[in-house]
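Laboratory data are not the source of any read-out in this text; all were calculated from the coordinates shown. Computed from a prediction, not measured in an experiment: that's the story for all the values here. Glycine also receives a Cβ, built like all others from the backbone with ideal geometry; neighbour counts cover every protein chain displayed.
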Amino acid sequence: MKNQIIVSLAIILDPQKGFLLSQRNSPEYPEVHKKWQLVGGGVEFGEDPKDALIRELSEELQVSPTFLSEYTIVKSNNWHHTNEKTSQVILIGYLVNIGEQKIDFSNDPETADAKWFSLKEIIALDTLPQTKEFIKESLQIIEKQ
């Protein structure tokens with residue numbers, strides 16, 4: 001079985017703290033469980049990807065983003081589930097800041113943890129596919145602005 005999923009992701013950057021990543025809590029999917037990822041989620045049918053990101057950040061971290069760039073980073077990944085299902089995941093990344101807002105992931109059952117990391121720390125983490133590539137490309141966007 002094959003399907004396609006569109007996901008909006010927040011590349012949350014704070015010049016003092018680094019990048020904010022969340023740790024996925026999905027014991028039913030061992031291939032992604034406990035891996036670090038960009039915060040975000042699925043775009044609902046008819047929903048604008050930017051609006052989906054605003055909704056996901058509110059639901060998952062109780063924060064509202066400020067968009068830092070008009071540019072998006074788009075990637076694709078094939079996810080081969082353990083149950084013989086394959087999904088093509090279209091990932092749309094937005095570079096954002098949350099200022100001094102306090103994150104609260106206690107109401108999100110899909111988030112085990114959320115922390116700020118430097119680029120050097122992220123390179124050593126066990127992350128979902130494309131996470132490190134999004135971070136590196138976002139740094140290129142920042143350098144060009």
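Consider the stretch 18-33 and keep the residues that are more than 23 Å from Asn97 (Cβ to Cβ) and of a type outside the set (Gly, Ala, Ser). The one that is surrounded by the fewest Cβ atoms within 10 Å (Cβ to Cβ) is Glu28. Criterion first (touching a residue at least 40 places away in the same chain (Cβ under 8 Å), in contact with a helix residue (DSSP H, G or I) (Cβ under 6 Å, 6 or more places away or on another chain) and in a loop (DSSP other than H, G, I, E, B)) does Asp104 satisfy it? Here the answer is no, as Asp104 does not meet what is asked. Pick from the stretch 107-126 the residues that are touching a helix residue (DSSP H, G or I) at 6+ places or on another chain (Cβ under 9 Å) and of a type in the set (S, T, N, Q): which of them is farthest from Val63 (Cα to Cα)? So the residue we want is Thr111. Name the one entry in Thr127, Thr66 that is buried (at least 19 other Cβ atoms within 10 Å of the Cβ), on the phi < 0 side of the Ramachandran plot and among the β-branched types (Val, Ile, Thr). Just a single option satisfies the conditions, and that option is Thr127. Only residues that are farther than 24 Å from Pro109 by Cβ and either touching an Asp or Glu at 6+ places or on another chain (Cβ under 9 Å) or among the hydroxyl-bearing types (Ser, Thr, Tyr) (or both) were counted in the stretch 42-79, giving 7.
One residue stands out among those in the stretch 79-90 that are outside any loop (DSSP other than H, G, I, E, B) and in contact with a Pro (Cβ under 9 Å, 6 or more places away or on another chain): the one that is surrounded by the most Cβ atoms within 10 Å (Cβ to Cβ), which is Val89. The residue that is nearest to Gly99 (Cα to Cα), among those in the stretch 34-75 that are in contact with a strand residue (DSSP E or B) (Cβ under 8 Å, 6 or more places away or on another chain) and among the hydroxyl-bearing types (Ser, Thr, Tyr), is Thr66. Within the stretch 118-140, the set of residues being closer than 14 Å to Ile12 by Cβ and part of a helix (DSSP H, G or I) comprises Leu119, Ile122, Thr131, Phe134, Ile135, Ser138, Leu139.
Inspection of the stretch 17-30 finds no residue satisfying the criterion of being assigned to a strand (DSSP E or B) and among the acidic types (Asp, Glu). Among the residues making up the stretch 37-57, those that are part of a helix (DSSP H, G or I), surrounded by 14 or more Cβ atoms within 10 Å (Cβ to Cβ) and not small (Gly, Ala, Ser) are Pro49, Lys50, Leu53, Ile54, Arg55, Glu56, Leu57. Looking at Glu143, is it more than 18 Å from Leu20 (Cα to Cα) and part of a helix (DSSP H, G or I)? So Glu143 passes the test.
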